[in-house]
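Take a look at the structure below.
The values are calculated or read from the model by the stated rules, or taken from the named source; none is laboratory data. The model shown is predicted, which means the values in this text are computed figures rather than measured ones. Here the Cβ positions follow ideal geometry from the backbone for every residue, glycine too, while neighbour counts run over all protein chains shown.
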Amino acid sequence: MATMQVDVVSAEDSLYSGEATGVTARSTEGEIGILPGHQPLLIALGDAPVRVQTTEGGTVVVNVHNGFLEFRENQLTVLADSAELSSSQ
């Protein structure tokens, strides 16, 4: 199973760091899904949840309030103005 490293951080805290099989987020242009091996990208995020599919089959939901998402070399980083961990399923 292909995986990628995911880090979600805000100005106050690191909210999630770990391996994931996929991430879903809402950019200012619309919804996007990112899987391991995705093309490099940098997008602006609005106020919306970021959903991380963990390697254990669960989902971590982080409510992000503005920020950026960067993906390159199988590393996804979310830099949020503010964010809070919503749930883990």
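Miscellaneous remarks
- Some residue of the range 23-37 being without any contact (Cβ under 8 Å) to a residue 40 or more places away in the chain, among the charged types (D, E, K, R), exposed (fewer than 12 other Cβ atoms within 10 Å of the Cβ) and farther than 15 Å from Met1 by Cα: yes
- Among the residues of the range 49-83, the one identified as touching a His at 6+ places or on another chain (Cβ under 6 Å) and of a type in the set (Phe, Trp, Tyr) is Phe71.
- Given (1) modelled with pLDDT of 95 or more; (2) surrounded by fewer than 16 Cβ atoms within 10 Å (Cβ to Cβ); (3) not polar (S, T, N, Q), index of the condition His65 fails: (1)
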